[in-house]
Amino acid sequence: MMNKKICAFFVALLLIFSFVEGSRVPVEGASRRQRERERREQREREEQQERREQRRRREEPRRGGDRNEETRRGGDRNEEPRRDGRKREDESEPAQVGLSGAASEVVRIANAERSKARLSDLRVDNELTAAAAKRAAELQRLFEHRRPDGRSWDTVLSECGVKRYNSWGENILYNSSGKAADAMTWWMKSQGHRDNILNRNYTHIGVGVYQSGGKTYFVQLFVGR
């Protein structure tokens, strides 16, 4: 009689153990599937965020955005202008370089906007124009206010021989129309770019235009002397 009770007890334990083990496997499987689903959803959210960021970067220059370089003072890296207003012997203005049609139109419209604001015209500068052309070609590789090698954009000024300035700035933009008027319209709609164009401290301008892959890249470089 005792043996039967013991056997029945062990049989009951075995059944209970089998039931617990059998019910635990689906729970663990469900938990694993839940974690995988959460990881997949997280990856999808990250990919969506990255696509939105890339789209924003592509569209921002067309809207004007805030891709401008604020005016900065040259500090002691530039020579102070003469207080008597006379030019130094080596400070004579070079002859203006020839500009492409689009670049020339950018200068014309920029000076028209400055005239409306009762500001003096910006003068085209040879070295500044060369620097702007170099920057325009670089923008197809990296559309930022830094150069493809990671240096700040303004390092191009010294490379191209731009000297004696105490304030400087850069505007960049690309469009698909290739029209200077479109570029200037977007720049004037953006407060930061507009501030550069209408900065009373700027005296000289260089404009670069570069076409690649169906896009036209525009660059305005400013200095104040």
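The values are calculated or read from the model by the stated rules, or taken from the named source; none is laboratory data. As the structure is a computational prediction, the values presented were derived from the model and not from experiment. Using ideal geometry, Cβ is built from the backbone for each residue, glycine included, and neighbour counts are taken over all protein chains shown. Accessible surface is based on the protein model in full, side chains and every heavy atom, while ligands, DNA and RNA are left aside. Shrake-Rupley method; radii C 1.70, N 1.55, O 1.52, S 1.80 Å.
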Over region 98-210, what is the relative contact order in percent, taking alpha-carbon pairs closer than 8 angstrom and at least six residues apart? 49
Quick shape check on region 128-224: root eigenvalues a ≥ b ≥ c of the Cα gyration tensor, a/c under 1.5 is rounded, otherwise prolate if a/b tops b/c, else oblate, and it reads oblate
Checked region 163-205 against the a/c 1.5 cut and the a/b vs b/c comparison, axes a ≥ b ≥ c from its Cα gyration tensor; verdict prolate
On a full-extension model of 0.36 nm per residue, what is the gain between residue 182 and residue 39, subtracting their alpha-carbon distance, rounded to one decimal in nm? 47.0 nm
Spin-label point model (7 Å from Cα, Cβ direction): what's the residue 189 to residue 151 distance in nm? 3.5
Quick check for you: with a 1.4 Å probe and neighbouring chains kept, what is the accessible area per residue of region 99-225, in Å²? 41
Tell me the carbon and sulfur percent of the accessible area for region 143-207, rounded to whole percent, probe radius 1.4 Å. 44
How much length is gained on full extension from residue 119 to residue 211, taking 0.36 nm per residue of separation minus their Cα-Cα distance? 30.0 nm
Going by amide H atoms built from the backbone, whose H comes under 5 Å of the H on residue 173, apart from near neighbours? 218
